[in-house]
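Take a look at the structure below.
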Amino acid sequence: MSVWRYEKAQVFGVRLAALAGMFVFVGLIIMGRIFYLQIIEGDKYTVLADKNRTSVRHLIPQRGVIFDRQGRRLAENKKNFQAVLIREETKDYKKTLAAFERLIPLSEEEHTRILKEVPHKKAFMSVRLKENLTFDEVALIQVNTPDLPGIQIEEGLMRHYPYGASTAPVVGYVSLVNEQDEALTSTNPFLDIAGYRIGRTGIEQAFEETLRGTPGLERKEVNAFGRSVRVLEKRSPVAGEDLFLTLDAELQKYALSVLGDEAAAAIVMDVKNGDILAFVSAPTYDANVFTMPISTKNWEKLLYNKKRPLQNKALTGVYSPGSIFKLVVALAGLESGDISENTSVTCTGKTKLNDHVFHCWRPYGHGKMTVQSALMHSCDVYFYEMAQRIGPEKIIETARRLGFGAKVQTDLPGEKSGLVPTPEWKLAVKKDAWRTGDTLNLSIGQGFLNATPLQIVTAVAQIANGGYRLTPRFIKKTAVPASDDKVPLNKGEKLGFDSYHVALVKKGMYDVVNKERGTAHGARFDLNGLKMAGKTASTQVRRITMKERLEGIKSQDELPWEYRDHAIFAAYAPADKPRYAVVVLVEHGGGGARTAAPMAAKILKEALRRFMPRAAGEKE
Amino acid sequence: MSFFKDRNCYLKNYNLSLIERIKQFNYGYLGLVCLVVAVGLMTLYSAAGGSWTPWARPQFIRFLMSLCTLGAVALCPLRFWMKYAYGFYLAALLLLVCVTLFGHVGMGAQRWLDLGVIRLQPSELMKIALVLALARYFHGAGLEEVRSNRFLIPPVLMMILPVGLIMEQPDLGTALMLVFATAGMFFMAGVQVWKFMAVTLLAVISLPIAWTCLHDYQRQRVLTFLNPENDPFGAGYHILQSKIALGSGGLLGKGFMQGTQSRLSFLPEKQTDFIFTMISEEFGLIGAFGLCLLYAFIIGYGFVIAQRAASFFGKLLAVGLTINFALYVFINMSMVMGLMPVVGIPLPLISYGGTAMMTLFIGFGLIQCVDINREMVIGRRGSIDDE
């Protein structure tokens, strides 16, 4: 054997061994990797594989129905037909969409939404074209089926509000989940459900968790393209709980009609237990428009209306309570001993304080006033005088005890707490000391003081029931409407007022309506002996200048709408055995006596007729 | 068929008759190969959800055709392959040029040559032809020659020409395999180790330049390889799903035809490049290691055949083709479990696909041919005796 052959063969042998070693090394790396993936990390990948192959779909439960106190439906679930487009069942979805739009026109916004959604969704998934189809539209689609490949009609449930507009401030509405909701409550399983509608305001929002129920679940095995292969598990949804409100839908509707076109609020409350029978904010909106995506045009119309239909004025509007606050001052004075039944002040039409003149609403004055007649005439000078004697602390304390300056209920979300100004508050916020002038403003319910209509009616109701604490209730637990005359007086906590003092204030309120020259005498009524007692207020939204005073105060009608006084009237009936308290607040309504009192009287009469058999044989 | 008549090209001592050659056939080695093919057919049957169509049946037919080819190649005289080694290389190179000029575009790359009856992938043929040509080149060289730089210029050119054409297609995987196979043959021929180190160092330094020469999709693959979780629904999807399938197999696997990842189409290319993942999912660590062992036997046997061949051409041919086979295994397994970028190399003998199977069987035919003629001594220039 030659040298070249021998040498090469020897080198070859050695190198073959080296190569084999390298290959073993690479092989061990590969096998080590297999071991690592399958044994060390095996559990992790098993979980991932399971997550891959199963798809969980939540099924929307039927939302709880909301009833009024008489069992009328305020929010229900109506069958809803919707047209959907399934891309894989048509050759050209744009053509199908065009054919659909020839039959049922869609808005520009919807058209662009659909064109954006269809190519992005998986081919076998449905894209909503139009919800809430009428029966005619359903028929039209069915007749034209051959021209509409890929279009199907699906049946679902849609929230419906039979009293739409009038109950909206209490019931609220539901609407589609948006991105902000997802950021807020990412753990809510409902948010993943296509077409789920979440409670936005009112009871729908506050009792979202009660109403929505438990979602059902469908676990399916799916392939990589998302198509389901078989169902692994199915759990039916559990419907949400029904709710029964204290509201009376018909009274609510009537009250709204009484308010008419005004920007106003009206509340009717049972003074025995705090049940809210009517809770109206006007103008209002139809809650049904929000269950579907609202068009920008309609949304702006609601948003930029100067009468603010989207604001719940009864709950979130804060106003100076005006002369109604004189009830609080009178009670504070009686309790502190600074006022007795016969304590009198002579009203000359104004009070001088240092260099400043505080006017009574009646330029020539009321003459000699006692607490009862001062309430009846709503004499400012009497309360200017008394407030200085009582001092702000006692008035503030009494106001707080009656519910001013803090939220009074927990059922509805978004309530405003109003403000009862104190010397400490003024120093901290306004950086100024409390002056006697502030006390005088406070005594007639003006200045920094403000309150919601709900706080005003609660205060008046607590006076009407003789001084028992009330918490306004919107939720009645039981389905059966209670027989009204037999509801026991909530003998809960007394507010701690002397019942004689409360009775004296109530006498003043009685005179406001039932004595000639009482400020609300014009609104009086007598239903088989059932009468009303109340208190008027007209609260300035701007200061009257000295110049205007000299030129003669203009009549409210001559002022532009935004400058007119707010008109408020708070009352209760029957005057002898109080049962229903009411407040009516009309923004820029002029005078409380002239605008708000007749409305309140109408609403109270309606309540009495509905709930008190005695009032039914009405004579007027 | 002139070579049968040309008796002069045989060495008289070791000339075997056709019957003797058939007797010398290494049936154990062939059995190992067929065993792996059987595993492949079973896996393809499972991949189709328990059906012979669309993959297992055509693959079986290809296997039978490939088996015939193997027989024919193995029974040809070894000298014939040596004599025409450069001819085959030139033919393969010509086909590569053709594919570059009028090739068929498939999957974004120009790899196929449509010959009417069959679709040819010349880059696959080149894997065999280059090994043949290099074995021929180094056969007659003394160690002194092998260690001179000038002597290495022609074989380097032989490698660079096809690699350049294949990179142009573009097919990074095959180009890489040719480079590694050539390096392996240089190593086995006796080129000094320091030269490999120098070239490796040079390659590392020039890596940034190579980066700019890569196609966008190749760069994307490398980036995806480096961090697949970064892009779980785009380019990283395949490798992530592949790892999930493999990892979820566990020790014993999910059972034959029970792999959820493959059955529900989460696993991409489950019948071709990613078939190893599917085997690992269904048969677990036991199955995966078992297959690795089978491959190890085939590779080891190839080394034994190379070692016991008398002719240097035979040694180099056997080892070169074995390296080639091992590269298929290493690259494919590494890429499906995230050890290297996805470069489109099938799992040999198992992945669905015709050209690769045929190429591999031609290779095994040549190795068989070496083993049949292991006693044969070939002179420097292929003569009987040129001492």
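Mean Kyte-Doolittle hydropathy of -1.0 or higher plus an axial Cα length of 30 Å or more: which whole DSSP H helices in chain B meet both?
B:275-308, B:312-336
Over region A:1-147, what percent of the accessible surface lies on carbon and sulfur atoms, probe 1.4 Å?
The value for region A:1-147 is 59 percent carbon and sulfur by accessible area.
Which of B:ILE367, B:ILE298, B:ILE61 moves most in a GNM of chain B, Cα contacts under 10 Å?
Between B:ILE367, B:ILE298, B:ILE61, it is B:ILE61 that shows the largest mean-square fluctuation.
To the nearest whole number, what is the average tally of beta carbon atoms from other chains within 10 Å of the beta carbons of peptide B:275-281?
Mean partner-chain Cβ count within 10 Å for B:275-281: 1.
Students often check this: by mean Cβ neighbours within 10 Å, which of A:106-112, A:314-320 ranks highest, and how do the rest follow?
A:314-320, A:106-112
Dimensions of region A:57-242 along principal axes (Cα, Å, largest first)?
Principal extents (Cα only, largest first): 53, 39, 28 Å.
Would you compute, from DSSP H runs of 4+ residues alone, the mean residue ellipticity of chain B at 222 nm, taking -39500 (n - 2.57) per run and dividing by the full residue count, rounded to the nearest 500?
Computed ellipticity for chain B at 222 nm equals -22000 deg cm²/dmol.
So what's Rg/Rh here for region B:255-338, counting alpha carbon atoms and using the Kirkwood radius for Rh?
When Rh is taken as the Kirkwood radius, the ratio is 1.13.
Return the average number of partner chain Cβ atoms within 10 angstrom of each residue Cβ along peptide B:326-339.
Shielding by partners across B:326-339 averages 3.
State the antiparallel share, in %, of DSSP beta bridges confined to the protein assembly as shown, rounding to the nearest 5.
95 percent
Ratio of region B:20-372's C-alpha Rg to 2.2 N^0.38 Å, to two decimals?
Against the empirical 2.2 N^0.38 Å value, I get 0.99 for region B:20-372.
In debye, nearest 20: dipole of chain B around its Cα centre with unit charges on the Cβ of K, R (+) and D, E (-)?
680 debye
Could you give the alpha-carbon Rg of region A:1-74 over 2.2 N^0.38 Å, rounded to two decimals?
3.07
Starting from the amide H of A:LEU412, placed 1.01 Å from N in the peptide plane, find each other amide H under 5 Å away whose residue is 5 or more places distant or on another chain.
none
So for region A:232-347, what percent of the C-alpha to C-alpha distances run longer than 25 Å?
Cα-Cα pairs of region A:232-347 separated by over 25 Å account for 52 percent.
Express the Stokes-Einstein translational diffusion coefficient of region A:493-620 in µm² s⁻¹, to the nearest whole number, given a Kirkwood radius over alpha-carbon pairs, 37 °C and a viscosity of 0.692 mPa s.
207 µm²/s
As I understand it, the dipole of region A:57-242 uses +1 on the Cβ of Lys and Arg and -1 on the Cβ of Asp and Glu, about the Cα centre. Which of A:THR167, A:LEU217, A:VAL177 lies farthest toward its positive end?
Highest projection toward the positive end goes to A:LEU217.
So how many Å³ per residue does the convex hull of the Cα atoms of the protein assembly as shown work out to?
It comes to 247 Å³ per residue, whole-number rounded.
If you build a Gaussian network model of chain B, linking Cα atoms that sit under 10 Å apart, which residue out of B:ASN324, B:ASN149, B:ASN26 swings the most?
Greatest mean-square fluctuation among the candidates belongs to B:ASN149.
Helix A:499-514: angle to the longest alpha-carbon principal axis of chain A, degrees 0 to 90, nearest 10?
Compared with the principal axis, the helix lies near 80 degrees.
Filter the trypsin sites (Lys or Arg not before Pro) in region A:291-382 down to the DSSP loop ones having no more than 12 other Cβ atoms within 10 Å, then list what survives.
A:LYS306
Rank B:LEU70, B:LEU134, B:LEU291 by mean-square fluctuation in a GNM of chain B with C-alpha springs under 10 angstrom and give only the top-ranked residue.
B:LEU291
Taking the 0 to 90 degree range and rounding to the nearest ten, how far is the long axis of helix A:93-103 tilted relative to the main principal axis of chain A, both from C-alpha atoms?
Approximately 30 degrees, to the nearest ten.
Go through A:THR54, A:HIS356, A:LEU247 and say which Cα lies farthest out towards the positive end of the charge dipole of chain A; charges sit on Cβ, +1 for Lys and Arg, -1 for Asp and Glu.
Checking the options against the dipole of chain A, the answer is A:THR54.
Return the sequence-ordered ³J(HN,Hα) values of region A:444-454 in whole Hz as given by the Karplus equation 6.51 cos²θ - 1.76 cosθ + 1.60 applied to θ = phi - 60°, using x for Gly and Pro.
Running phi through 6.51 cos²θ - 1.76 cosθ + 1.60 with θ = phi - 60° gives 10, x, 10, x, 7, 4, 8, 8, 8, x, 5 Hz.
The values are calculated or read from the model by the stated rules, or taken from the named source; none is laboratory data. What you are looking at is a predicted structure, and each value in this text was computed from that prediction instead of being measured. Every residue, glycine as well, gets a Cβ built from its backbone with ideal geometry; the counts of neighbours run over all protein chains shown. All accessible areas refer to the heavy atoms of the entire protein, side chains included, with ligands and DNA or RNA removed. Shrake-Rupley method; radii C 1.70, N 1.55, O 1.52, S 1.80 Å.
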